[in-house]
Amino acid sequence: MIKSAICDLLGIQYPVFQGGMAWIADGRLAAAVSEGGGLGIIAAGNAPGDYVREQIRTARKMTDKPIGVNIMLLSPFAADVARVVTEEKVEVVTTGAGNPAAYMSAWLAAGIRVIPVVASVALAKLMTRIGASALIAEGGESGGHVGELTTMVLVPQICDATDLPVIAAGGIADGRGAAAAFMLGACGIQMGTRFLSAEECTVHPAYKEKILKATDLCTMVTGRRLGHPVRSLRTPFARNYAKAEYGGMPDEDLEALGTGALRLAVQEGDNERGCFLAGQIAAMVRKEQPAAEIIREVVEEAEPLLLGASKWVK
Ligand code: TUI
């Protein structure tokens, strides 16, 4: 059985987090993951605080287990959401796409466990110093906003830089990936793309279908020129964006081209204008199934691989 430091810290059964996917990870998906023994995480994305409050309350009606909220720090509503999570007393806050230092003292005072996503050793050390409970080391195989380093390279360096529990993310969708993460020193995993295929995930059916049909070279990274690289499926939108990016379109026009594209993918499944965020592991996500079954399957595949090799597996 896998039972690691992160399970004890958060009171969860399995060391499996569901990634905070903007517009996708709502209260229903988060509740299903938490009920399944992992940590369900509501994504704030670019949404205002009231939307997040509503999703937290939805999740609370569906589960008594701990839940998390992911705050995307580039959002214009980040400060608003930062306040809502303290008012609603969520157990865990994860952060992405930046440095959450400005909010840390308020969250700690509210008794929230803060688990930032870090993509560098420097941010890992800073977060350790200012009171994070654990860290998520997310490599560039992931979907959405990506850092420079791969999971294979990032995870052991973060583990060496901190005494906190480290959760590995990026490129993990099955028990083999989970076992590999543990061998790199992590004591938990976060999966996003795999949970996109969960039955409880209410993303547009065309989005799910694209994930289930993806092949190995199906994703690409755009957005480097404006400083916010994002991994998504290689669709007409992504190709056009890349063309504009390298063809010298002015920054404001490029910015406008990207605005609303994720919502069009998630809510309308719009193949031409939607931005379908997805990790490189999409090609290995092959069926729709309940979130609880995903968690069990990954854990049951990882356990025999780690027996005798990891202190967390007995
Ligand atoms: O944040 C994510 N994934 C995301 S965010 C998103 S929405 C978006 N909207 C506009 C532009 C870009 C994204 C879609 N997917 N994952 C967590 C993550 N955080 N990955 C990498 C990082 C990261 C990168 C640099 C965290 C901290 C960081 O350091 C910044 C600093 O100030 O040191």
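The values are calculated or read from the model by the stated rules, or taken from the named source; none is laboratory data. Just so we're clear, the structure is a prediction, and the values are computed from it rather than from any experiment. We place every Cβ from the backbone using ideal geometry, glycine too, and count neighbours over all the protein chains shown.
Pairs please, first residue from region 212-226 and surrounded by fewer than 13 Cβ atoms within 10 Å (Cβ to Cβ), second anywhere and part of a loop (DSSP other than H, G, I, E, B), Cβ atoms under 8 Å, 6+ apart in sequence or on different chains. Qualifying pairs under 8 Å: Leu217/Arg234. Only one of the listed residues (Arg60, Arg113, Arg129) is under 17 Å from the mean Cα position of the chain (by Cα) and basic (Lys, Arg). That residue is Arg113. Taking Val81 as the residue in question, decide whether it is buried (at least 24 other Cβ atoms within 10 Å of the Cβ), touching a residue at least 40 places away in the same chain (Cβ under 8 Å) and either in a helix (DSSP H, G or I) or away from the ligand (no atom under 12 Å from the Cβ) (or both). So Val81 does not fit the description; no. Filtering Leu217, Leu257, Leu264 for residues that are modelled with pLDDT under 95 and either of a type in the set (A, V, I, L, M, F, W, C) or in contact with a strand residue (DSSP E or B) (Cβ under 7 Å, 6 or more places away or on another chain) (or both) leaves a single hit, Leu257.
If you go through region 36-52 and keep only what is more than 20 Å from Leu264 (Cα to Cα) and either touching a Gly at 6+ places or on another chain (Cβ under 8 Å) or crowded, with 19+ Cβ neighbours inside 10 Å (or both), you end up with Gly36, Gly38, Leu39, Gly40, Ile41, Gly49. The residues of region 129-157 that are out of contact with any strand residue (DSSP E or B) (no Cβ under 7 Å at 6 or more places or on another chain) and not in a loop (DSSP other than H, G, I, E, B), listed by number, are Arg129, Met152, Val153, Pro156, Gln157.
Here are some residues: Ser75, Ser34. Which one is outside any loop (DSSP other than H, G, I, E, B) and within 18 Å of the chain's Cα centre (by Cα)? So that I can check it myself, show each step before the final result.
Values: Ser75 fails: outside any loop (DSSP other than H, G, I, E, B).
The match here is Ser34.
How many residues does region 1-16 contain that are of a type in the set (D, E, K, R) and touching a residue at least 24 places away in the same chain (Cβ under 8 Å)? Number of matching residues: 1.
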